[in-house]
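Shown next, in structure tokens, is the structure this report addresses.
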Amino acid sequence: MSAQGDRWVSSFVFLLFCASSIPRPGIAGLRQEPSPQRYFSGLEAGRASLAFFTPHVSPGAQPFLEQIESSAEALQDYGISVVKVNCPKEDVSRYCGKENALRKAYLFRGNILIREFPTDALFDVNSIVANVLFALLFNEVKYVETLADLQNTENVLKGKSNMVFAYVPATGTAEHRAVMEAAFVYGTIHQFVLTTEAALLKATGNDDPDVSSAWLLFCHCQRATDPAQPCRRTALAQPLTLLNIHRHLKLMGAPLVTEVAEDPEKVSTVHLQLGLPLVFILSQRETYEADRRTAEFVAWQLLGKAGVALLSRDLVDLNVLHRSNVALKTPDERMPIQYLVLEDTDEVITLVEDKNKVKQIQEDEEKEEEEEEEDEDEKENNNQDIQDDQVVEAVSRDKKRELPLEQVLVLTEETFRSSLSEAARTVVLFYASWEAVSLAVLRSYSEVADHLKGTPGVLLSRVNCWDWPGICTQENVTQFPTIKIYGKGEKSVTYDGMWGTEELTSFIILSRVSCPLKLATMDEAEGYLRGEFPPELSSHHHTSLLGVFSTATSEAREAFEEAGSILSGHVMMGTYFEDDGLALSRKYSVSPPALLLARSRGRSVESISLSKQSVQDMVQMIRYELLDIFPEITVQNLPQYLQLTKPFLILFSDGDISQMESKEMLKLAKGRPQQAFVACWLNLKKTPVGYGILRTYFAAVPSLPVLVWVNLHAGGQVFQFPPEQSIAEVNVLSWLEKLQAGLETPSCRSSACFSLAAGDASSTEELRGGVAAAGRQR
Amino acid sequence: MATLVCGTLLGLALCAMSSTTFLYHDYCVIGAGPAGLQAAYFLQQAGRDYVVFERSHAPGSFFALYPRHRKLISINKQYTGKSNSEFNLRHDWNSLLSHDRRLLFRHYSRDFFPHADTMVRYLEDFASLLELRVQYNTAIIHVTLERNEQAWNGHYFLLTDQDRKNYKCSSLLVATGTWVPNVVNFPGSEYVEGYETVSINPEDFAGQTVLILGRGNSAFETAENILGVTNFIHMVSRSRVRLSWATHYVGDLRAINNGLLDTYQLKSLDGLLEGDLEDLAIVKDKKGKLHITLRFYLENGNISAGIDSITLPQDELDNFATRAPYDRIIRCLGWKFDFSIYNRSLRMMPGKGNIKKYPQIKPSYESRGTQGLFVLGTASHSVDFRKSAGGFIHGFRYTTRAVHRLLENRHHGVPWPSTVYPITQLTNSIIKRVNEASGLYQMFSVLADIILLRENATAFEYLEEYPTGVLAELEMQTGRKAPNGLFVIIMEYGRNFSGADKDVFYYNRAVGEAQHAWQSNFLHPVIYYYKRLPTEREMKLRPPEWPLPRPDAIHHIVEDFLTDWTAPNAHILPLRRFLENCLSTDLRSFFAESCFLFAFTHQKLPPFCQQGYVRMQGLMGSEGLRRHAVQAGLLQDYTLTDFSGDRPPDSHDRSRDQLLRDQVIPIRPLQHLVKAKDEL
């Protein structure tokens, strides 16, 4: 016998124990009484007994006697003693005297006769027990004949207690007995109603009732509130046996939906104990109420067939697919809990109702999961196999194209040293032919070579470290790629700028002149400030610097020269040593040591006094001074502004910004001397990746231009300047104030806005996803 | 110098005195063979006080005699199609390591298997061109210890030469090789000629029947030489022949010497037999022919009665294999280390089992018995006997360097050389080394490159060719710290691929797909990841035949037919993913444009952007490359999409967008460190 069978039996035994625990004296089985007098005198008040009176021998009653003897034990369980009273020959009292009476059995409670049964009603044990209990439980079990009676009973019970309505085709049957036995135990809890009228069965909603078989309905009247509506009914689907009724009533008594907050493996309810499956509805905090309603709905459908539990995933750490919404636990403890993804409640119900189907679904699910796992595996493998490094992939897609490297000299271990002395300046790209970033730079490098074709004194060359590891080690190349510029008799300079054609070209050109450039005369210095550079730099259009020193400031001059060597290639620097009475200083009203900045070829000259003496400070100061006040942010120059670690106030514009906006923003930028933020603008035409930023911030590109405040260095919140306001200094300032005061709400989407909390471990994953998403969104 | 003074000027009286004075050097090297000279080179480069003692008048005296037939079996490859000098050393088994490009063996010989005289000449040049301090004609005949608290190791080494001159050293490097011929003693062994003296003129063997004892390269080399002129050759040894191309061990029988296998298997009279030489006995008959019998018969019989009374196996077993009498029997049983010169206090003990010809040493090449005594060269082969190349020039030139580095750290506070790189160079530095490094390649599974991670995995320190056997002692031995986990890079053959009885040509022996890399059979790089340095105990308890204890994660780079591990998708990509999984970081490279976008939309940038772009070294990329990246779907081209605003940001679109995002963004969590296929 299975485990669940054992459980049934034990419950049943318990039931019987309850029944039999009613005190009963005497011996089990049939009692014999020598005479009616003795019998009647021995009757106790409230004790039921079934008596039959026999003359000495009554052959006709013999079968009846057998039955009644065998029912004695059963009745004894209900505290009813069965007594055989011997009628003495001479007795002609009420029970013994008449021939008729001898064919009857009499039910007494105490010494009150409750009912007399004709022996033909007591044809077997079932009928004896059924009829005896029926008689005894007159109040507990209502017999109804009409629908009106039933409805009346139901209405009376509504809101008070539940009703058990049983239809039996006839009294005295095994089903009848089962109902009566159940009523004996549950009669005080539920109202039992019994009928033998088939019409009533039809009225209870059974469309095509099989009137030949018994029915039992549990009517949930206790919860019923609407007097017009009949109580919800749950039919007992199994045959009417005491055991089944008992189970059914037990199940009806259990809570409709059990709320669980523990591992489903550990959960046990009455359903599982009674051998029924338990369905878990997996819920989340957000959907809890809806899930609860679903669970109740399902629970009503499954009442009597399965239990329903509501499990909040937030409270339990489930190691299952996130999209699983239903779990099924079967009473068989060896079976693992099935986690399923079901579409609707019908599926849940069919899952339980049709056991075959259950298996089918499970198998399907398993298959599906296997397939999915396979799919996932495949995907995983695919993901694993698919190159997701944009540089590597781009380079490998380009590998068949032959690079125009005619202008770039290939150096070997043999030729390296000698070729360095050939040109005034030798640029060497150290790379590895298998390394993607190197090869990407090599492509830019070939463009640089093309730009610089014919430039005197510059030789572009390359060393493949995969071929010549010796040189690379010797030249201390630890990264691929590395570019070094070797000047005759000078220390080599390692290129530390952007790996781009323009930047590299400009660096090579700038580094051709010494940095700082020594200007000997006042005329030279003034010419320099006007933008009269040596011929090598005729194409230079950026801000140039002039350090002005006097005899007393040689220390500062040394630092300046040192700074020059660090900034060589990046900045145009000159130095002028004043020994002619500070004419230049006076002209620009500074006192040496000082720095003159000539922006846009001398159209404006700013002067700064050099207070800081250390080389590093000077380098930093020069870099800072070279930054624009209201720059156009580009891919190339962003890092310079990032280093300021200030929030950005960016005006995203589709093309050039209007003069008005530019004026207002410039005012804003200049407004406070030590700006707490970087005011800048971004030309989406020139820097289309700006669209990517806007799409991340706002999901869709807002109407342009749009002014955005973003603090990349703290929290990363994004605020959008109200589009209805015009971009004017006043408006922006008051907005910024509100913003600082925390009165503005971040205007980006809650989740995707600035997705990365600092130090977020999953960041790389998001990044990965982000890039992939970017790839797929196209 | 002292010898000079003693011998010529002052006569015997002073000479007696000088025997109690010691010439002191920090390092004494015994033997000016390849290993001794290699050690001398490193000591010289480091500016150390050292001397090399050589009993002969010139370096490499072993090679002056051996191999007897004068053909070296170490390859000297002229061309590899590559100019990478480090890579080319993988196929140059004769050169010693030096900075001098002239001292490459290919400048000395054009032969693939060079003549032994060339080696002698090469070693002479090596010693003289590099001006190594070698004291010739000095045979160290005794080594003992002098306890001294002040000494580096608590004792000095006292060396005595053949002239009773004494030397005192703090550290002793023994590079004497194995030169004492192995002999077996059995009745009649006096009739056996030794490999060291046997004639090498084939004419001397014309029409003779020859038995060779041994089945190593010297035995086969001897056979090869006389194969064409003998009646037949039989070869007998205790165990079966081990072919180096099956065992992947260069010390086993090399194909160049295996002509006898051909004639044996084709039934051309020559033959190969297995039997225990200890059981053998040889009797000479009146005609001078040598008969094989068993010691057992001799012990039972009456020897004095003469040859006729001795039972021969064929008397009982008339088809006994070696029943034919031999004209000559040659012993080619190899050599062993000369243990005789060491005082007992040094506890120079022979190894156990098949390494008994070598002294017992630790994986750090230090003697088990005496601190400060290191064994270099062939004599140090017990560490990797029958596995790697530590007994041969192309292997021990690297282990000698490793020992030198250990000593530099131990005695001079010079930590193991290392380079610190930013984490972005992690994949690159591994790829570079596995493709060109010779030490890793020759000393596979014995020397390892070690990557010590810096905090937060933003940088790492790269140590080359550290002995795997002392991995647990890394911090102490190198002076480097490993608090944040480490990668160990070694080369391995597939397990169960090599062996004397293995079919190394079976179909599908080569693995091509990256996902099956762990099944690779041929030499391929393997990267072990440890979250912390393994302990001594873990080293001890490592599975047998495993070079290292169980790692936290392991990655095999799939074997490559060309040993060129630079394929972007088959080699680099899986390696990068492995490293990323170990470090939970993104090691991809990005164009500046992507970094720009990340800078505005992410707070934590991938290292490539953080260490490049943000420091103004972004990769702009040429127009063409960016277009390729866009086509690959790895870079978005924002100029193509119409964002001009005529498409309202309708919610439907947004939700779809969101949906897409939801499907894409929560990309699978990092794979478990040890993937199924990488499981141990």
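Observations on the structure shown:
- Modelled spin labels at A:Asn139 and A:Arg334, positioned 7 Å past Cα toward Cβ, are 5.2 nm from each other.
- Charge dipole of segment A:254-353 (Cα centre as origin; +1 on each Lys and Arg Cβ, -1 on each Asp and Glu Cβ, all else neutral): 160 debye, rounded to the nearest 20.
- The protein assembly as shown: C-alpha gyration tensor shape, a/c 1.5 cut-off, then a/b vs b/c: oblate
- Residues in segment B:262-270 carry Karplus couplings, in order, of 4, 6, 5, 5, 8, 6, 9, 6, 5 Hz; the curve used is 6.51 cos²θ - 1.76 cosθ + 1.60 with θ = phi - 60°, and Gly or Pro positions show x.
- In terms of surrounding Cβ atoms within a 10 Å radius of their Cβ, B:Asp552, B:Asp125 rank from fewest to most as B:Asp552, B:Asp125.
- Global geometry of segment A:378-472, whether rounded, prolate or oblate, following the gyration tensor of its Cα atoms and the 1.5 cut on a/c: prolate
- Residues of segment B:328-364 with amide N under 18 Å of a point placed 7 Å along Cα→Cβ from B:Val183: B:329-341, B:357
- Cα-centre dipole for segment B:319-368 with unit charges at Cβ (Lys and Arg positive, Asp and Glu negative), debye to 20: 180
- Each label point was placed 7 Å from the Cα along the Cα-to-Cβ direction; for A:Lys89 and A:Ala199 their separation is 5.6 nm.
- Relative compactness, chain B, computed as alpha-carbon Rg over 2.2 N^0.38 Å: 1.18
- Segment B:312-354 and segment B:175-215 have their alpha-carbon centroids 11 Å apart.
- Ranked by the mean number of other Cβ atoms within 10 Å of their residues, highest first, the peptides B:405-411, B:126-132, B:215-221 fall in the order B:215-221, B:405-411, B:126-132.
- What the Cβ-Cβ distance of A:Ile189 and A:Gln740 gives, at R0 = 45 Å and to the nearest 0.05, is a FRET efficiency of 0.05.
- Förster radius 41 Å - calculated FRET efficiency between A:Asn476 and A:Lys518 (Cβ-Cβ, nearest 0.05): 0.85
- Size of electric dipole in the protein assembly as shown: Cβ of Lys, Arg +1 and of Asp, Glu -1, about Cα centre, debye, nearest 20: 2940
- Residue by residue, segment A:460-468 carries 3J(HN,Hα) couplings of 9, 9, 8, 10, 7, 5, 6, 8, 10 Hz when phi is fed to the Karplus relation 6.51 cos²θ - 1.76 cosθ + 1.60 (θ = phi - 60°); x denotes Gly or Pro.
- Residues whose amide H lies under 5 Å from that of A:Val193, counting only those 5 or more places away or on a different chain, are A:Lys142, A:Val164, A:Phe165, A:Ala166; hydrogens are built 1.01 Å from N in the peptide plane.
- Counting only DSSP beta bridges whose two residues both lie in segment A:139-252, roughly 55 percent are antiparallel.
- Taking 7 Å steps out from each Cα toward its Cβ at B:Asn508 and B:Lys286 produces label points 6.7 nm apart.
- For A:Thr575, the residues whose modelled amide H falls within less than 5 Å of its own, excluding neighbours fewer than 5 places apart on the same chain, are A:Leu517, A:Lys518, A:Leu519, A:Gly547.
- Cross-link table A:Lys670/B:Lys604; B:Lys362/B:Lys540; B:Lys352/B:Lys387, entries beyond 19 Å C-alpha to C-alpha: A:Lys670/B:Lys604
- Counting neighbouring beta carbons within 10 Å and listing from fewest to most, the residues A:Ser461, B:Ser382 come out as A:Ser461, B:Ser382.
- Ordering of B:457-465, A:233-241 by burial proxy (mean other Cβ atoms within 10 Å per residue, highest first): B:457-465, A:233-241
- By the count of other C-beta atoms within 10 Å, a proxy for reagent exposure, A:Val463, A:Val257, A:Val270 are ordered fewest to most as A:Val270, A:Val257, A:Val463.
- Inter-chain Cβ neighbour count for A:391-404, averaged per residue, equals 6 (cutoff 10 Å, partner chain atoms only).
- Tensor-based shape of segment B:417-583 (alpha-carbon gyration tensor, a/c under 1.5 rounded, otherwise prolate or oblate): oblate
- Rounded FRET efficiency, nearest 0.05, which uses the C-beta distance separating A:Ser609 from B:Met349 and R0 of 60 Å: 0.15
Here, each number is a calculation from the coordinates, and none is a lab measurement. What you see is a predicted model, and the numbers here were worked out from it, not measured in a lab. We place every Cβ from the backbone using ideal geometry, glycine too, and count neighbours over all the protein chains shown.
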